[in-house]
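Q: Got a structure for you, written out below as structure tokens; questions coming shortly.
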Amino acid sequence: MLRYALRRAVWLIPTIVLVTFLVYVALRLGTDPVASYRRTNIRVSKKKIDQYIAANGLYTGAFGYIRGYFSWLWGFVTLDWPRSIKGSRDVFATLKDALANSLRLGIIASLVGILLGNMLGVFAALRPGRLRDTVVNSSALVGLAVPPFVSALLLQLLFAVYWQKWFGYALFPVSGVYPPGHQGFNLFLMLKHMFLPVVVVSIQSIAVYSRYMRASLLDVLNSEYMRTARSKGISERRVLVHHALRNALIPVTTLAFLDVGAVVGGLIITEGMFEYPGMGRFFLIAYGNGDFPEMMPWMVVIIGSVVVFNLLADIAYAKLDPRIRLA
Amino acid sequence: MPEQSSLDQAVGLSTESLSPGRLAYRRFLTHRGAVVSVFVLALLVLWVLLSPVTARYGVNEQVFDISQGANQNLPPSRIAWFGTDIIGRDVYSRVLYGVRVSLVIGIASAVFSLALGAVVGAIAGLKGGLFDDIVMRVTDIFLAFPFLVALLVIRNVFGKVGWITWVVGTQGSLRFMVFLFAIFGWMSVARVLRAQVLSLKEREFVEAARALGASNTRIIMKHLLPNSIGPMLVSLSLGVVGAIVSEATLSLFGYGPDPGTGATSLGLLVSGSKSAVRAGYWWLALYPFAALLIITLCVSFIGDGLRDAFDPKHGGGRA
């Protein structure tokens, strides 16, 4: 087990380096960082441009890409990050805040999804083909079919625009983490601002988990060892909890690991719709400005989390399911 | 129960022998949501295809009403069924044209990604080895990445390549959108097809074909692809919805088709309504949203029905 984990972990760093290199090339080809720097800072001196090129490793030529990537990587690893092209912001501090905001939103929404979704999935799978199964399954299908921006806009309309019209005040705010001009920490205001985004994300995650759990539990319930357990005379309750649920949770656990990995990348559409200052919105703004110094660290964080949580999911799967042979 | 006999046939208990296709068709008919969805969607598509007759105005034609002075932002009425937009165009007609464009984007992208993904997935599953490894790693990376980010980055890269924009048009064109979604769509299709081929290729009938000297091409074309029709249809339905929703999402953030070309799409209608709704012009959002939801819901239910029909092990309840 440990050997398997270590052997997989050894490949982490090379994978991340290779993928970030590809992303580096794609971003340079796609956005032309020097041109967007000139566009954003119009009267910038030649010397500043050279500094910018050196700081980001934006050398030209085929060899320049490789040399540039490694010079950028060195700066990144030593935390000597170039400043953003727009407003010359400290990218590390901004990215840290965005990550914290995204994690807060994503983890709450994932927990809601995992708890409610799995419960609904179990509820449906225990009586396959009956009314409750049809209702849960069809609602999950509907939940998945409604694009997040549609539910976001509808909720904003109902709780902000029309609530304001009917009752004279907005029940939930529609953007940001705090009202404009707010200073310091305030849990109540924060939760109030997070409520609608959490609902939008939860609709999707509840739907995903309930369908997944239902399929997984149905698979287990139809297996031979369930019949064995019942014929041994174990109580129905024990059969369900110890034999069925435990096995059904294995694939769901790996899905949860992958989900947390994806949460780091932010929930781009939801954050965009609610102007929630998380990772997703960070990227949308950086992309809109063609801000290479902001996009690269963002990409590294995303790639790192995707690769690491993929690994964790695989390890969890191998650990939980003794039938998996480690190749 | 009077339906018992038809139910028995539906789950394949009938003594009369039926082809797998017919069995799947019968199982599909037992999925009520899917059958209703087929009818609703067919009606919508027919209505949209007949837009020269069913639309009341041109796509950019303004509604001129003599009794009222202004024609901007009119609420739904007899003159304009779904109201008019900020420059006085008929929302009902624009929704029809928008659905038409979105359906073309969805179907074209799904067909292209299905063709590409089926071939790549079948070869990867059949041959294995290095090609399989490369395809699976590439799709792994892209599918793990946030979809919208991958879409935006690739959009920029391909938008800069001269010969690609010469073939499929510039970043804002509809052809470029189709190209972009097809570039992404083939990956999930390839994974599904690969899994299907991996399980099929060990079967006796493939072995028999191989023993009779059939080439790989023949085995793929005559045996593997026809037996994968179920997963392919499901992928196709997912692909259509995926492309339509992606187009709407991109438009919402300002990276969709160029509105300057004069054509409209569901995405452009939805994104255009975002600010209008806050001002109280709800009809600008309601009808495009309703059209979008009808399409996504219907196709999702049809996909679910197809999955149950071709893979009776999962879903359907009788597991």
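The values are calculated or read from the model by the stated rules, or taken from the named source; none is laboratory data. The shown structure was predicted, so the numbers you read here are calculated from the model rather than taken from an experiment. Counting neighbours? That spans all protein chains shown, and the Cβs are built from the backbone with ideal geometry, glycine included.
Q: Which fully enclosed helices (runs of 4 or more DSSP H) of region A:26-138 have 3 or more residues being within 24 Å of residue A:198 (Cα to Cα) and of a type in the set (A, V, I, L, M)?
A: On the way: elements: A:33-40, A:46-56, A:62-77, A:91-125.
Output list reads A:91-125.
Q: Hey, another quick one. For region A:14-40, give me each residue that is within 12 Å of chain B (Cβ to nearest Cβ) and of a type in the set (Phe, Trp, Tyr). Steps first, please.
A: Keep residues of region A:14-40 that are within 12 Å of chain B (Cβ to nearest Cβ), which gives A:15-16, A:18-20, A:22-33, A:35-36.
Matches in region A:14-40: A:24 only.
Q: Exactly one condition in (1) without any contact (Cβ under 8 Å) to a residue 12 or more places away in the chain; (2) surrounded by 13 or more Cβ atoms within 10 Å (Cβ to Cβ); (3) touching a helix residue (DSSP H, G or I) at 6+ places or on another chain (Cβ under 9 Å) is not met by residue A:60; state its number.
A: Result: residue A:60 fails condition (2) only.
Q: Would you confirm whether or not region B:147-169 contains a residue that is at the interface with chain A (Cβ under 7 Å from one of its Cβ atoms), buried (at least 19 other Cβ atoms within 10 Å of the Cβ) and not in a helix (DSSP H, G or I)?
A: No: zero hits.
Q: For residue B:93, indicate whether it is in contact with a Phe, Trp or Tyr (Cβ under 6 Å, 6 or more places away or on another chain), closer than 16 Å to residue B:242 by Cβ and crowded, with 21+ Cβ neighbours inside 10 Å.
A: Here the answer is no, as residue B:93 does not meet what is asked.
Q: Of all residues being more than 12 Å from every other protein chain (Cβ to nearest Cβ) and not in a helix (DSSP H, G or I) in region A:279-327, which is surrounded by the most Cβ atoms within 10 Å (Cβ to Cβ)? Just the residue, please.
A: A:291
Q: Which is closer than 30 Å to residue A:127 by Cβ, assigned to a helix (DSSP H, G or I) and more than 10 Å from chain A (Cβ to nearest Cβ), of B:225, B:238?
A: Sole residue among the options that is closer than 30 Å to residue A:127 by Cβ, assigned to a helix (DSSP H, G or I) and more than 10 Å from chain A (Cβ to nearest Cβ): B:238.
Q: Please list, ordered by first then second residue, the pairs with beta carbon atoms under 8 Å, 6 or more apart or interchain, first in region A:30-55 and closer than 28 Å to residue B:149 by Cα, second surrounded by 17 or more Cβ atoms within 10 Å (Cβ to Cβ) and of a type in the set (Lys, Arg).
A: Close Cβ pairs (under 8 Å, with a partner that is surrounded by 17 or more Cβ atoms within 10 Å (Cβ to Cβ) and of a type in the set (Lys, Arg)) amount to A:30/B:155; A:40/A:86.
Q: Restricting attention to region B:241-257, which residues are more than 10 Å from chain A (Cβ to nearest Cβ) and farther than 22 Å from residue B:112 by Cα?
A: Within region B:241-257, none qualify.
Q: I'd like to know if region B:108-117 contains one or more residues that are surrounded by fewer than 16 Cβ atoms within 10 Å (Cβ to Cβ) and modelled with pLDDT of 90 or more.
A: yes
Q: Do the conditions hold for residue B:305, that is, is it out of contact with any Cys (no Cβ under 8 Å at 6 or more places or on another chain) and either hydroxyl-bearing (Ser, Thr, Tyr) or farther than 30 Å from residue B:27 by Cβ (or both)?
A: Considered against the rule, which asks whether it is out of contact with any Cys (no Cβ under 8 Å at 6 or more places or on another chain) and either hydroxyl-bearing (Ser, Thr, Tyr) or farther than 30 Å from residue B:27 by Cβ (or both), residue B:305 comes out as no.
Q: Quick one: residue B:218 ticks every box in (1) more than 27 Å from residue B:80 (Cα to Cα); (2) in contact with a Lys or Arg (Cβ under 6 Å, 6 or more places away or on another chain) except a single one, so which number is it?
A: (2)
Q: Looking at region A:162-233, what helices (runs of 4 or more DSSP H) fall wholly within it and have at least 2 residues that are more than 13 Å from chain B (Cβ to nearest Cβ) and among the polar types (S, T, N, Q)?
A: Hits in region A:162-233: A:187-221, A:224-231.
Q: Inside region A:104-118, can you point out the residues that are surrounded by fewer than 18 Cβ atoms within 10 Å (Cβ to Cβ), more than 17 Å from the chain's Cα centre (by Cα) and in contact (Cβ under 8 Å) with a residue 40 or more places away in the chain?
A: Of everything in region A:104-118, just one residue is surrounded by fewer than 18 Cβ atoms within 10 Å (Cβ to Cβ), more than 17 Å from the chain's Cα centre (by Cα) and in contact (Cβ under 8 Å) with a residue 40 or more places away in the chain, namely A:116.
Q: Only one of these conditions is not met by residue A:157: (1) within 14 Å of chain B (Cβ to nearest Cβ); (2) touching a residue at least 40 places away in the same chain (Cβ under 8 Å); (3) among the hydrophobic types (A, V, I, L, M, F, W, C); (4) closer than 28 Å to residue A:137 by Cα. Which number is it?
A: So residue A:157 meets the others, but not (2).
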